[in-house]
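S.K.: A single structure is presented below for examination.
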Amino acid sequence: MNTDPTLQPRQLLPLLLGLSLAVAPHLLHMPWWIGTWVALACLGHGVLLLQHRPPPPRAMLLVLAALGIGGIWLTHHTLFGRDAGVSLLALLMTLKLLESKQLRDAWVLVLLAYFLALTNFFYSQSLPTGALMLATVLVISTSLVGLQPGQRGFTSELRTAALLLLQAVPLVLLLFLLFPRIPGPLWGMQIGRAHV
């Protein structure tokens, strides 16, 4: 017997907003069709949830996954590396979104959104990118608070998420001071090879 609570429409908006903010900066680096794919998946899931309709059948999701992976292979000529990996993560995240109907699915989506937000630093570590990712993490954390039992309302959930992030500031400052910063994007690091 499935006792997992169903995802409610009020929990959907912050989650979709967080996913959208996490993927938005990547649209500059992704092929146009993946951005369209993500937008259609978010819109489709919102319509399904608001109309209380079941998610698409598993066979349809498997066909979409195969088409998406094939498209990434044709676009990037690989499934590995920075660009192909981020595109694949965004594509698989939207497939998870389409099949989501339980709260446990939303938990997985929140973790994927955090990870996708982190991958923005593969491309840039500038202050505007950091500010946008801070706002993204705030929205994703708000959706995480909204998945907890009890209805508090969006402003209360936003306040709780902001308080949690504020409490993390001392640890962030400590890590900033103790660990060296790498100049340029993370993916651009040159790792030396041993010469024989």
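S.K.: For THR6, are the conditions met, namely being β-branched (Val, Ile, Thr), within 19 Å of PHE122 (Cβ to Cβ) and exposed (fewer than 15 other Cβ atoms within 10 Å of the Cβ)? I'd like the intermediate steps shown before the answer.
M.R.: Working: β-branched (Val, Ile, Thr): yes; within 19 Å of PHE122 (Cβ to Cβ): no; exposed (fewer than 15 other Cβ atoms within 10 Å of the Cβ): yes.
Spelling it out, it is not the case that THR6 is β-branched (Val, Ile, Thr), within 19 Å of PHE122 (Cβ to Cβ) and exposed (fewer than 15 other Cβ atoms within 10 Å of the Cβ).
S.K.: Considering only residues of segment 25-47 that are open to solvent by less than 70 Å² (accessible area, probe 1.4 Å) and free of Cβ contacts under 8 Å to residues at least 24 places away in the same chain, which is farthest from LEU127 (Cα to Cα)?
M.R.: In this case the residue turns out to be VAL47.
S.K.: Could you say whether any residue in segment 134-146 is in a loop (DSSP other than H, G, I, E, B), touching a residue at least 40 places away in the same chain (Cβ under 8 Å), open to solvent by less than 20 Å² (accessible area, probe 1.4 Å) and within 20 Å of HIS45 (Cα to Cα)?
M.R.: Step one: filter segment 134-146 for residues in a loop (DSSP other than H, G, I, E, B), giving none.
No: zero hits.
S.K.: Right, next: For segment 62-77, which positions are open to solvent by less than 40 Å² (accessible area, probe 1.4 Å) and over 19 Å from the mean Cα position of the chain (by Cα)?
M.R.: Looking only at segment 62-77, we keep the residues that are open to solvent by less than 40 Å² (accessible area, probe 1.4 Å), and these are 65, 68, 70-72.
Scanning segment 62-77 gives GLY70, GLY71.
S.K.: Can I ask one more? Mind telling me which of the residues LEU12, LEU109, LEU95, LEU19 ends up being touching a Lys or Arg at 6+ places or on another chain (Cβ under 8 Å), in a helix (DSSP H, G or I) and buried (at least 17 other Cβ atoms within 10 Å of the Cβ)?
M.R.: Numbers: LEU12 fails: touching a Lys or Arg at 6+ places or on another chain (Cβ under 8 Å); LEU95 fails: touching a Lys or Arg at 6+ places or on another chain (Cβ under 8 Å); LEU19 fails: touching a Lys or Arg at 6+ places or on another chain (Cβ under 8 Å).
Answer to the selection: LEU109.
S.K.: Follow-up. Which of the residues belonging to segment 113-125 are under 11 Å from the mean Cα position of the chain (by Cα), open to solvent by 40 Å² or more (accessible area, probe 1.4 Å) and at pLDDT below 90? Break it down into steps so the answer makes sense when it comes.
M.R.: Going residue by residue through segment 113-125, those that are under 11 Å from the mean Cα position of the chain (by Cα) are 113-120.
Next cut, open to solvent by 40 Å² or more (accessible area, probe 1.4 Å) only: 114-115, 118.
Correct list: LEU118 only.
S.K.: Being under 23 Å from the mean Cα position of the chain (by Cα), of a type in the set (S, T, N, Q) and either modelled with pLDDT of 90 or more or open to solvent by 60 Å² or more (accessible area, probe 1.4 Å) (or both) is the filter here; which residues of segment 149-194 pass it?
M.R.: Once the filter is applied, which keeps residues that are under 23 Å from the mean Cα position of the chain (by Cα), of a type in the set (S, T, N, Q) and either modelled with pLDDT of 90 or more or open to solvent by 60 Å² or more (accessible area, probe 1.4 Å) (or both), segment 149-194 yields THR155, GLN167.
S.K.: Looking at SER87 and the list (1) under 20 Å from the mean Cα position of the chain (by Cα); (2) not in a helix (DSSP H, G or I), which single condition is not satisfied?
M.R.: Result: SER87 fails condition (2) only.
S.K.: Determine which member of the set SER143, SER100, SER126 is closer than 30 Å to LEU166 by Cβ, small (Gly, Ala, Ser) and in contact with a His (Cβ under 8 Å, 6 or more places away or on another chain).
M.R.: Working: SER143 fails: in contact with a His (Cβ under 8 Å, 6 or more places away or on another chain); SER126 fails: in contact with a His (Cβ under 8 Å, 6 or more places away or on another chain).
The conditions single out SER100.
The values are calculated or read from the model by the stated rules, or taken from the named source; none is laboratory data. Note that the structure is a prediction, hence the values are computed from the model and not measured. With ideal geometry, Cβ positions are generated from the backbone for all residues, glycine too; neighbour counts draw on all protein chains shown. Note: areas computed on protein heavy atoms with side chains; ligands, DNA, RNA excluded. Shrake-Rupley method; radii C 1.70, N 1.55, O 1.52, S 1.80 Å.
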